[in-house]
Amino acid sequence: MNDAGKKAAGNKDRAMLREINFDGIVGPSHNYAGLSLGNLAATRHAGDIAFPREAALQGIAKMRHNMRLGLAQGFFVPLPRPNPGFLADMSVGAEDDFDPALTAMAWSASAMWTANAATVSPAPDTADGRCHLTVANLVTMPHRSIEWPDTLRQLRTAFADSAHFAVHGPVPPTFGDEGAANHMRMGPAHDEPGVEIFIYGRPGGRFPARQHEQAFRAIARRHGLDPARCIFAEQAPAAIEAGAFHNDVVAVANEQVLFCHEQAFADRDALFAAIRDKLPAAQIVEVPASAVSLEDAISSYLFNAQLVTLPEGVQALIVPTEAWENRPVRAFLDAMIQGNGPIRKVLPVDVRQSMANGGGPACLRLRMVADPAAVDPRFMLDEDKAALLERVISSHWPERIASAELGSEALADRVRDARAALCSALELKELG
Ligand code: SUG
């Protein structure tokens with residue numbers, strides 16, 4: 001089918017489109033190794049004991065919470081860990097050739113933060129009327145750079161229906177790409193053409209700027225986006241310096257609403273003007289630094305929230321409990337919901353185990369806009385499957401992992417068996 005034909009078919013299917021959040025199930029090797037420079041929570045918690053079972057159950061509870069709001073929910077399974085290919089490539093083993101830092105990289109459960117799995121352009125935005133995904137190369141952090149081949153395999157399984165989806169490999173590794181964590185989409189409704197906003201960083205600061213502008217420009221071209229509906233804007237260097245290693249730590253958007261910190265962007269006036277030009281109905285809820293400092297925003301993860309449209313039509317902000325408990329943030333949120341703005345509800349969720357590694361509610365999910373019936377049903381969640389996941393996790397996930405245990409063959413066997421049990425329960429043996 002040519003592009004025009006596909007576009008027409010896509011338009012016909014548009015009525016079936018809805019937002020689906022795909023959360024990463026926290027893997028059985030979840031640990032705190034302090035691998036991410038510039039991610040203050042992860043650095044602060046380096047060496048702490050991690051609780052993989054509790055972490056994964058917190059993740060399932062969040063998914064259940066969101067499903068019960070009437071939202072469509074999917075999930076991705078953890079990647080094979082310890083990553084055998086990486087250890088072999090680096091010639092790292094368990095004896096004389098043991099290297100704790102490289103071993104920790106091979107064991108990282110960081111693929112749980114699926115906001116970094118890919119950049120997603122929904123069907124109404126693309127030239128061929130299909131939903132396009134580009135897997136993120138994540139090259140800035142070594143432990144994350146090894147995710148994409150297995151993530152790509154999983155995306156190509158979940159979104160195998162080529163009438164609806166096009167799943168691309170990564171952009172060349174010269175250009176760092178961290179996926180949807182730096183990408184926002186605004187529009188009148190999820191199923192209508194939107195404005196895609198790509199936020200990149202410039203190197204030179206104290207911490208790495210993980211997202212390259214050219215990576216996003218390449219993605220916009222390969223997804224077939226209309227240049228008139230794309231915005232490329234720089235993240236504020238001060239935000240990266242303060243620990244906002246991804247844009248989704250200082251901003252989140254949903255339909256017409258952008259919720260962001262005053263110091264999120266290098267040139268906020270230019271960005272806001274561009275958004276209003278392309279989407280006159282845009283509503284920007286900006287949190288002034290005088291109400292919530294950048295430091296409080298980053299430590300509480302106020303903006304690493306899921307901003308969602310509930311079935312009754314109002315927008316709700318699903319925040320981590322840390323935000324709800326932070327005094328200035330709470331004061332701002334209380335005033336916001338008493339006011340007359342577009343965000344009508346604030347709903348806290350407990351994902352503390354992930355938060356301690358710098359991953360809030362928004363990091364844990366990849367947002368798609370798709371017809372749920374076009375997705376491989378094995379990746380869609382309902383109450384029964386959530387109970388199944390809970391049973392597998394409760395009986396197979398290690399209760400606790402200390403950093404010093406990484407590299408233990410007995411623990412590696414346990415982690416591999418846990419993942420195998422999950423893939424088998426979900427009939428996803430081809431990912432095993
Ligand atoms: O890439 N943490 C992740 C957190 C990713 C959060 N994602 C979004 N903001 N969308 C990271 O820094 C910590 C791993 C460790 O230190 O063991 C880690 O990778």
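The values are calculated or read from the model by the stated rules, or taken from the named source; none is laboratory data. Note that the structure is a prediction, hence the values are computed from the model and not measured. Positions of Cβ are generated from backbone atoms using ideal geometry, with glycine treated the same way; all protein chains shown enter the neighbour counts. Ligands, DNA and RNA are excluded from the accessible area calculation, which covers all protein heavy atoms including side chains. Shrake-Rupley method; radii C 1.70, N 1.55, O 1.52, S 1.80 Å.
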- Query: Can you name the residue in the stretch 340-370 that is open to solvent by 10 Å² or more (accessible area, probe 1.4 Å) and in a loop (DSSP other than H, G, I, E, B) and is also nearest to Gly34 (Cα to Cα) among such residues?
  - Reply: Asn357
- Note on the structure: Subset of the stretch 162-191, residues within 16 Å of the ligand (Cβ to nearest atom) and not in a loop (DSSP other than H, G, I, E, B), comes to Gly179, Ala180, Ala181, Asn182, His183, Met184, Arg185
- In the stretch 205-235, residues that are out of contact with any Pro (no Cβ under 8 Å at 6 or more places or on another chain), within 16 Å of the ligand (Cβ to nearest atom) and not aromatic (Phe, Trp, Tyr) total 7
- Query: Just wondering, is there one or more residues in the stretch 98-108 that are farther than 25 Å from Leu347 by Cα, of a type in the set (Phe, Trp, Tyr), within 16 Å of the ligand (Cβ to nearest atom) and open to solvent by 10 Å² or more (accessible area, probe 1.4 Å)?
  - Reply: no
- Give me a count of the residues in the stretch 149-166 that are under 18 Å from the mean Cα position of the chain (by Cα) and within 13 Å of Phe76 (Cβ to Cβ). 9
- Query: Which pairs have Cβ atoms under 6 Å, sit 6 or more apart or on different chains, and link a residue in the stretch 34-58 that is farther than 17 Å from Glu295 by Cβ to one that is open to solvent by 60 Å² or more (accessible area, probe 1.4 Å) and in a helix (DSSP H, G or I)?
  - Reply: Gly34/Thr43
- Note on the structure: Expected output for the stretch 307-330 (first residue among the charged types (D, E, K, R), partner open to solvent by less than 30 Å² (accessible area, probe 1.4 Å) and in a strand (DSSP E or B), Cβ below 7 Å, 6+ apart or cross-chain) is none
- Residue in the stretch 237-248 that is in contact with a strand residue (DSSP E or B) (Cβ under 6 Å, 6 or more places away or on another chain) and open to solvent by 10 Å² or more (accessible area, probe 1.4 Å) present: no
- Task: Please state which one of Ala335, Ala373, Ala412 is of a type outside the set (Ser, Thr, Tyr), under 30 Å from Asp191 (Cβ atoms) and part of a helix (DSSP H, G or I).
- Result: Ala373
- Query: Can you spot a residue in the stretch 83-93 that is under 30 Å from Ala228 (Cα atoms), touching a residue at least 40 places away in the same chain (Cβ under 8 Å) and not in a loop (DSSP other than H, G, I, E, B)?
  - Reply: no
